[in-house]
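Below is one structure; the comments refer to it alone.
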Amino acid sequence: MNRVCIAFGSNIGDRYGAVSDAFKLIEENRMKILFKSEVYETEPYGYTDQPTFINGALLVETELSCREVLTRLLAIEKDLGRVRKFKWGPRIIDLDIIFYNQEIYDEEDLKVPHPDMQNRMFVLRPLNDICPKYVHPILKKSVEEMLKELNKL
């Protein structure tokens, strides 16, 4: 079985409803949710002229490959009404693979661990709720260590 950390976020429409619907669809797509983080209200990242987000993280277990997880998460986003207008823009739902076991993927459309996650409080804080000791396979630092470093900035 594979263990996958998934970050989720929403900042338009019924944010909590979209997240709840995403959880149901994740489970229906052969990904068993083991742990859910707290849900945090966060400021937008990148493009800041938009509503605040709710963000969190999930730890799921699945037999799916990393590529299959990505395909299913993108389909769930689309099913829930996500439209990609521009980078870092508003979204009804956002589902990102942060970690897939201890594996590293560096393909054009599949980058795992998620690039720049170590600089994003809205990713690290929820991850720290569900897997603080998990070690980033490239940076060789735990989620807890990366969060402490980011808090010092």
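The values are calculated or read from the model by the stated rules, or taken from the named source; none is laboratory data. The structure presented is a predicted model; accordingly, all values stated were derived computationally and were not measured. Note that we place each Cβ from the backbone using ideal geometry, even for glycine, and neighbour counts take in every protein chain shown.
Yes/no matrix, rows are residues, columns are (1) surrounded by fewer than 17 Cβ atoms within 10 Å (Cβ to Cβ); (2) within 20 Å of residue 105 (Cα to Cα); (3) within 14 Å of the chain's Cα centre (by Cα):
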position	(1), (2), (3)
3	yes, yes, yes
14	yes, no, no
28	yes, no, no
39	no, no, yes
50	yes, no, no
54	no, no, yes
74	yes, yes, yes
78	yes, no, no
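Assuming residue 51 fulfils every condition listed in (1) touching a Lys or Arg at 6+ places or on another chain (Cβ under 8 Å); (2) at pLDDT below 95 apart from one, which condition is it?
The failed condition is (1).
Looking at (1) farther than 22 Å from residue 10 by Cβ; (2) touching a Pro at 6+ places or on another chain (Cβ under 8 Å), which one does residue 134 not meet, given that it meets all the others?
Of everything listed in (1) farther than 22 Å from residue 10 by Cβ; (2) touching a Pro at 6+ places or on another chain (Cβ under 8 Å), residue 134 misses just condition (2).
Can we say residue 102 is surrounded by fewer than 17 Cβ atoms within 10 Å (Cβ to Cβ), over 15 Å from the mean Cα position of the chain (by Cα), at pLDDT 95 or above and not in a helix (DSSP H, G or I)?
Numbers: surrounded by fewer than 17 Cβ atoms within 10 Å (Cβ to Cβ): yes; over 15 Å from the mean Cα position of the chain (by Cα): yes; at pLDDT 95 or above: yes; not in a helix (DSSP H, G or I): yes.
So residue 102 fits the description; yes.
Need a quick list: strands (runs of 3 or more DSSP E) entirely within the stretch 15-71 having at least 3 residues that are in contact with a strand residue (DSSP E or B) (Cβ under 8 Å, 6 or more places away or on another chain), in contact (Cβ under 8 Å) with a residue 60 or more places away in the chain and within 15 Å of residue 92 (Cα to Cα). It would help to see each step written out before you state the result.
Numbers: elements: 31-36, 40-42, 53-62.
Counting at least 3 such residues, we get 53-62.
Restricting to the stretch 113-127, name every residue that is without any contact (Cβ under 8 Å) to a residue 40 or more places away in the chain and surrounded by 13 or more Cβ atoms within 10 Å (Cβ to Cβ). Working first, answer last.
Of the stretch 113-127, the ones without any contact (Cβ under 8 Å) to a residue 40 or more places away in the chain are 113, 115-116, 118-119, 124.
Across the stretch 113-127, the qualifying residues are 113, 118, 119, 124.
Being under 13 Å from residue 94 (Cβ atoms), assigned to a strand (DSSP E or B) and of a type outside the set (A, V, I, L, M, F, W, C): is that true of residue 9 here? Write out each step before concluding.
On the way: under 13 Å from residue 94 (Cβ atoms): yes; assigned to a strand (DSSP E or B): yes; of a type outside the set (A, V, I, L, M, F, W, C): yes.
Here the answer is yes, as residue 9 does meet what is asked.
Test of understanding: among 95, 147, 139, 110, which residue is out of contact with any His (no Cβ under 9 Å at 6 or more places or on another chain), at pLDDT 95 or above and either surrounded by fewer than 14 Cβ atoms within 10 Å (Cβ to Cβ) or among the hydroxyl-bearing types (Ser, Thr, Tyr) (or both)? So that I can check it myself, show each step before the final result.
Working: 95 fails: either surrounded by fewer than 14 Cβ atoms within 10 Å (Cβ to Cβ) or among the hydroxyl-bearing types (Ser, Thr, Tyr) (or both); 147 fails: either surrounded by fewer than 14 Cβ atoms within 10 Å (Cβ to Cβ) or among the hydroxyl-bearing types (Ser, Thr, Tyr) (or both); 110 fails: either surrounded by fewer than 14 Cβ atoms within 10 Å (Cβ to Cβ) or among the hydroxyl-bearing types (Ser, Thr, Tyr) (or both).
Of 95, 147, 139, 110, the one residue that is out of contact with any His (no Cβ under 9 Å at 6 or more places or on another chain), at pLDDT 95 or above and either surrounded by fewer than 14 Cβ atoms within 10 Å (Cβ to Cβ) or among the hydroxyl-bearing types (Ser, Thr, Tyr) (or both) is 139.
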